Amino acid sequence: MDQFGGSDRLSGAEISGPGVKIGGAIKLKFLDQVRGDLLSLGLKLAGISEAAFQGDALNGTVYAELPIAYQFSPQTSVSINPKGAFFGQVSRIGVGIGINQALGEQLQLIGEYTPIFVDGNRDVWSAGVRFLPSSKLGIDVFAGNAIGQSGLGTVTAESGTNIGFSINWGI
């Protein structure tokens, strides 16, 4: 599902708006440094549709990213994450550069800066902390300027800073 925070500068032609959105995504992992590969490499593809038709076609967003991560030590990893979102005539493409620094067994500093190269007026950034109370549960508290946490929202910046949190449960 794709959702956007309130934006002070983006028109309905640039983002898919606040309506209900339905979608699906697939994540594939090709290489994993934990299993002995040189680095970790994955692919995420998502399609997110508005619950309304425009003309004869369903209005929606296609999103793709190719996360590449390298663990320098048990405490530090860096990532490069090419990503792109496509909605109507809007195409936003960028490359995220991130870091994850462990401060102990259960606490990490996380951050990513994404220069937007195609159709973006502003670069996107986020920074926060991740609390890992168990091996399957992660809680993030973060600040950033992206208008959303998935799809087109991750490569669309607004002028202000947003504060948020997310809960991740592994299976």
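The values are calculated or read from the model by the stated rules, or taken from the named source; none is laboratory data. Just so it is clear, the structure is predicted and the values come from calculations on it, not from any experiment. FYI the Cβ positions are ideal-geometry reconstructions off the backbone, even for glycines, and counts take in every protein chain you see.
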(request) Mind listing whichever residues of region 1-55 are in a strand (DSSP E or B), of a type in the set (D, E, K, R) and at pLDDT 85 or above? (result) Lys27, Lys29, Lys44
(message) What pairs come out if I take residues in region 157-171 that are within 7 Å of Asn145 (Cα to Cα) and pair them with residues that are hydrophobic (A, V, I, L, M, F, W, C) and surrounded by 10 or more Cβ atoms within 10 Å (Cβ to Cβ) whose C-beta lies under 6 Å away, six or more apart or interchain?
(response) Ala157/Val124; Glu158/Ile147; Thr161/Ala143
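What about Gly153, is it within 17 Å of Lys44 (Cα to Cα) and touching a helix residue (DSSP H, G or I) at 6+ places or on another chain (Cβ under 9 Å)? Step through it out loud before you land on a result.
Details: within 17 Å of Lys44 (Cα to Cα): yes; touching a helix residue (DSSP H, G or I) at 6+ places or on another chain (Cβ under 9 Å): no.
Taking the combined requirement at face value, the residue does not satisfy it.
Table: residues versus (1) in contact with a Phe, Trp or Tyr (Cβ under 8 Å, 6 or more places away or on another chain); (2) within 24 Å of Leu45 (Cβ to Cβ); (3) among the aromatic types (Phe, Trp, Tyr).
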{"residue": "Ser79", "(1), (2), (3)": "yes, yes, no"}
{"residue": "Val129", "(1), (2), (3)": "yes, no, no"}
{"residue": "Lys136", "(1), (2), (3)": "yes, no, no"}
{"residue": "Glu158", "(1), (2), (3)": "no, no, no"}
(message) Looking only at region 115-171, how many residues end up being part of a loop (DSSP other than H, G, I, E, B), touching a Leu at 6+ places or on another chain (Cβ under 8 Å) and surrounded by fewer than 18 Cβ atoms within 10 Å (Cβ to Cβ)?
(response) 2
(request) Have a look at Phe117, Phe87, Phe142, Phe131 and point out the one that is out of contact with any Pro (no Cβ under 6 Å at 6 or more places or on another chain) and in contact (Cβ under 8 Å) with a residue 40 or more places away in the chain. (result) Phe87
(request) State which residue is nearest to the chain's Cα centre (by Cα) when the search covers only region 80-108 and only residues that are of a type in the set (A, V, I, L, M) and surrounded by fewer than 14 Cβ atoms within 10 Å (Cβ to Cβ). (result) Leu107
